[in-house]
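Reviewing the structure listed below.
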Amino acid sequence: MEKAARPPLFLTLTAAAVAIAIALPLTYLVIRTAGVGGEALWELVSRARTLTILFNSAAMAAIVTLCSALIAVPLAFLTVRTDLPGRRFWLIVTTLPLAVPSYVGSFTLIATFGPRGSLLQLLLEPLGVQELPSIYGWPGVILALTLFTYPYLLLSVRSGLQGIDPTLEEAARSLGQSGQSTFFRVILPQLRPSLVAGGLLVALYSLRDFGTPSLMRFDAFTRAIFLQYKASFNRNSAAALALVLVGLVLLILWLEYRARSRAAYYSRGSTSQRPPKVLLLGRWKWPAVAFCAVVTAIALVLPVGITVFWLIRGLHNGYSLPNLVPAALNSILASGITAGVATLFALPVAILSVRFPGRITSIIERCSYIGFGLPGIVVALSLVFFGANYLPQLYQTLPMLVFAYLVLFLPQSVGTVRGSLLQVNPQLEESARSLGRSSWQTLREVTLPLVRPGVIAGAMLVFLTAIKELPATLLLAPIGFETLAVKIWKATENVEFAEAATGSLFMLLVSIGSTLLLLSQERVRS
């Protein structure tokens, strides 16, 4: 039997460093939970409210992932493979909801569709409507999380569509397959890694989000952990609940691992560099435009419109615009460094899991996802514990903040890079090595150019998510280092909606810039 190839040492060392970094928050949770005591821990875990929260969180993650797929897959296909009118415009505006902080988006939904005093209720009041059905609870949390997380799947599926060899579809059509049959029997199976990676990000983000469950009065783990900590300042009980959440995250990671296929997602022959054939929508053109318009209206125009309304109302009442440029530069600096560092660490993890599959590499990859499922406040408190006790010289410094972002958002880059790497024929890398290239030269000259769409998409995801991060920034940022997210949070807490609106619009402008950068890279590739 041929002996399996051993991974290069620099890949193994880098990936091992990632695993050690991710283990820090778990170590903190175990230390804190040990202080609860066995009997009290069992009572806490087995009580009816904990089981209800467990069911709510699991069901919420599953439903949000399904609803996000129903939105993201058609949008990705329409903006990549069809003659949709204004295709690039829809590509930009349907990606931008990722830049809307979930707490801002949820608040605008409540302000628009809330039972009493909302915009819709006031419009219907002349017709005798005094109260609308409640948006709080299940409908609100599902609607809000779906609208502001589906771009994770959209970017992942778009990257997957761009990596499919068009000759596969041409071969299917030459064998008599219809367009619909080609989509379900050729394209969709090829998208499986991208769907699984994007769906995993949506599910984990749903579990770790705090703003939406709190505003929608929905009992999920993040809300329960925060209330446990705030109500009694009992970090041990909060850590025990967080460990139950870690168990749920591990279950989701196991299901994702089982959902993977060992099939090859690359062409056995030389990959065609021709662009895929554009599908003509015909009579479905305007229904497709209407679908994109409805999604954009609810997920982007509504929160932006309500934000602009707050700003105009504040200006009318004498509010003067603050100087948010320093906060914007701080946000770009911290998020940009995190995106670059996350990409550097994601590459070895993705390469090890795809090119050198095994028990150890699988554990390393699974470990990298755990941090994304943890609430930001849990990761922040764990780093406060280690920083204050063991690394005081790094406590409340920019490297510590970037490290927290890395623990939280690394999986976003790992998932997209892995999906792109699965579509690269390993024979191309073997050919480079047979021609005398070293492992590093093969990575730089062959692998990286082929996975560039996934690398850029992953970096953009990390940047857009890190720029919104709040709990870790509040606890770990250097003194005086205020970001846009902190400015928005403080303004909202002080009921200064005009200032919160200004910060939100600033954040949206920064995110538009990063989105345009991504699209310019796609144009270069095409």
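Points worth noting:
- Shape of region 1-109, Cα gyration tensor, a/c cut at 1.5: oblate
- The aspartates and glutamates within cross-link reach of residue 487, meaning a Cα-to-Cα straight distance under 18 Å and a gap of 8 or more places when in the same chain, are 469, 496, 499.
- Cα-based shape type of region 44-166, given that a ≥ b ≥ c are square roots of the gyration tensor eigenvalues and the cut on a/c is 1.5: oblate
- Accessible-area order (highest first, 1.4 angstrom probe) of the listed residues 94, 14: 14, 94
- Packing-based order for 430-436, 131-137, 52-58, using average beta carbon neighbours within 10 Å, highest first: 52-58, 131-137, 430-436
- Surface composition of the chain: carbon and sulfur make up 66 percent of the accessible area, probe 1.4 Å.
- Taking amide hydrogens as placed 1.01 Å from N in the peptide plane, the amide H of residue 82 sits under 5 Å from those of 279, each at least 5 positions away in sequence or on another chain.
- When peptides 411-423, 24-36, 211-223 are sorted by average Cβ neighbour count within 10 Å, with the highest value leading, the order is 411-423, 211-223, 24-36.
- For the chain, the solvent-accessible area works out to 45 Å² per residue, with a probe of 1.4 Å and every protein chain left in place.
- Take residue 143: with every protein chain present and a 1.4 Å probe, its accessible area is about 70 Å².
- Taking a straight Cα-Cα cut-off under 14 Å and skipping sequence neighbours fewer than 8 places away in the same chain, the aspartates and glutamates within cross-link reach of residue 285 are 83.
- Estimated purely from DSSP H runs of n ≥ 4, each contributing -39500 (n - 2.57), the mean residue ellipticity at 222 nm for the chain is -23500 deg cm²/dmol once divided by its residues.
- 11 Å beta-carbon shell around residue 242, net charge (K/R +1, D/E -1): +3
- Radius 13 Å from Cβ of residue 292, net charge of other residues (Lys, Arg +1; Asp, Glu -1): +3
- Sorted on the mean count of surrounding Cβ atoms within 10 Å across their residues, most packed first, peptides 249-258, 190-199 read 190-199, 249-258.
- Cα gyration tensor, the chain - rounded (a/c under 1.5), prolate or oblate: oblate
- Under 12 Å, Cβ to Cβ, from residue 280 - net charge with Lys/Arg +1 and Asp/Glu -1: +3
The values are calculated or read from the model by the stated rules, or taken from the named source; none is laboratory data. Fair warning: this is a prediction, and the values are worked out from it, not measured in the lab. Positions of Cβ are backbone-derived with ideal geometry, glycine not excepted, and every protein chain shown enters the neighbour counts. Areas reflect the complete protein model, heavy atoms only, side chains present, ligands, DNA and RNA absent. Shrake-Rupley method; radii C 1.70, N 1.55, O 1.52, S 1.80 Å.
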